[in-house]
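The structure under discussion appears below in the form of C-alpha cells.
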C-alpha cells in the first residue's frame with residue numbers, strides 16, 4: 001500500500017510512520033512542514049529504508065501537494081498535519097486556523113481531485129484517514145464517556161480548529177463521496193513527545209529537580225493512550241474501517257492530572273534515585289493558576305473500534321508510563337537539545353491581553 005502521510009515528522013505521525021514501515025508491502029511519502037514541534041531523531045529508524053521518502057512542505061501549498069499526489073500516486077492518505085497544543089492556541093489561534101482548518105481543506109480538495117481521476121477499482125480501494133481528537137466534544141462531568149454520536153462542543157481555539165476540520169472531512173464524504181474515515185483519539189503519550197506537553201515536561205522537570213506546575217487543583221481528568229497503540233489503531237481504521245464512519249480511540253486509562261504527576265514522581269525517584277537528602281519529587285509539585293477554559297474531564301467510549309475492528313490498547317497506563325519515563329531518562333541528549341534551542345519549559349496559554357492582527 002502506498003501511503004501519503006501528512007505531519008509524519010510529528011509525535012503521532014512519526015510513530016505511525018515507524019509502525020507502517022515495519023509492515024510488508026507498505027511505502028510511505030511523508031509530507032511535513034517541520035515546525036518547532038517536529039521530533040528530531042524520531043524517523044532515524046526509517047531514513048534510508050527502501051519505500052520511505054520525505055518532502056518538506058506546508059499542506060496549505062496546494063500546488064506542491066498536487067504534485068506529490070501526481071508523482072507518488074498514493075492508495076491512501078493519512079492526514080495528521082496539525083498544530084496541537086492547547087496553550088499555544090490560546091496565545092495564538094491564527095496559526096491553528098491556518099494549519100488545521102485551511103490545511104485540511106487543501107488536503108481534502110487535492111485528494112478529491114486525485115481520487116475522481118482514478119480508475120473505478122482504485123477509487124473503491126482509496127481511503128482518506130483524518131486524524132482528530134477527543135477535545136472536539138468539549139468537557140464531561142464526573143460521569144459518562146464520549147461516543148461517536150456525542151455533539152461537538154469545543155472550548156479552546158485548538159479544539160475549535162479540529163472540530164472545523166472534522167466537519168469539513170465529513171462534508172467532503174457526504175457531498176462528494178470521498179472515502180473519508182475519521183479517528184478521534186484521547187491524550188497520547190510516549191517517546192519523542194515535545195516537552196511542552198504534560199508528561200514529558202513533568203518528567204524532565206522532575207529529573208532536574210525543578211518545580212512541577214500543576215494547573216488548578218490537578219482534578220482535570222484525561223484518558224491516556226500510548227502512542228504506539230494509537231498507531232496500531234490508525235492502521236486498523238485504514239485497513240478495516242468503513243468510509244463515512246467515525247471511530248473513537250481511547251486508552252481506557254482515565255487519570256486525574258495530579259495522579260499522573262504523582263506517578264511520574266514515583267517512577268523518576270525509583271529509576272533515577274531520590275533528590276538530595278532522600279526527598280521525594282512529590283515535594284516539587286506546585287499548584288498554579290488554571291488554564292483558561294480548562295475542560296474538566298475527557299473519557300472515550302471505544303466500544304465501536306473494539307467491536308467492529310477488533311482493536312484494543314496493548315499498554316496499560318502503568319506499563320506505558322514506565323516505558324515513557326525510562327525513554328526520557330535514556331535520551332537526555334534529545335530533550336536537552338530541544339530545551340536549549342526551541343522551548344525552555346516556560347508557561348504558555350495564560351490569555352493575558354490576547355490580540356492578533
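The values are calculated or read from the model by the stated rules, or taken from the named source; none is laboratory data. All values derive from a computational prediction rather than experimental measurement. A quick note on method: Cβ atoms are made from the backbone with ideal geometry, for glycine too, and the neighbour counts reach across all protein chains shown.
Number of residues in region 31-87 that are at pLDDT 95 or above and not in a loop (DSSP other than H, G, I, E, B) equals 22. Among the residues of region 89-107, those that are crowded, with 24+ Cβ neighbours inside 10 Å and farther than 22 Å from residue 347 by Cα comprise 100, 103, 104, 107. With respect to (1) closer than 25 Å to residue 229 by Cα; (2) surrounded by fewer than 17 Cβ atoms within 10 Å (Cβ to Cβ); (3) more than 21 Å from the chain's Cα centre (by Cα), the lone exception for residue 122 is condition (1).
Determine if region 177-191 includes at least one residue that is assigned to a strand (DSSP E or B), over 17 Å from the mean Cα position of the chain (by Cα) and crowded, with 22+ Cβ neighbours inside 10 Å. Yes, because at least one residue in region 177-191 is assigned to a strand (DSSP E or B), over 17 Å from the mean Cα position of the chain (by Cα) and crowded, with 22+ Cβ neighbours inside 10 Å.
Condition test on residue 320, is it within 15 Å of residue 203 (Cβ to Cβ) and at pLDDT 95 or above? Yes: the conditions hold for residue 320.
For residue 9, state whether it is in contact with a strand residue (DSSP E or B) (Cβ under 6 Å, 6 or more places away or on another chain), within 23 Å of residue 87 (Cα to Cα) and surrounded by 14 or more Cβ atoms within 10 Å (Cβ to Cβ). Criteria met by residue 9. Selection within region 121-155: residues that are without any contact (Cβ under 8 Å) to a residue 12 or more places away in the chain and in a loop (DSSP other than H, G, I, E, B). The member of this set that is farthest from residue 254 (Cα to Cα) is 149. Can you find, within region 268-307, the residue that is surrounded by the fewest Cβ atoms within 10 Å (Cβ to Cβ) among those that are within 25 Å of the chain's Cα centre (by Cα) and either without any contact (Cβ under 8 Å) to a residue 60 or more places away in the chain or at positive phi (or both)? Ranking the qualifying residues of region 268-307, first place goes to 307.
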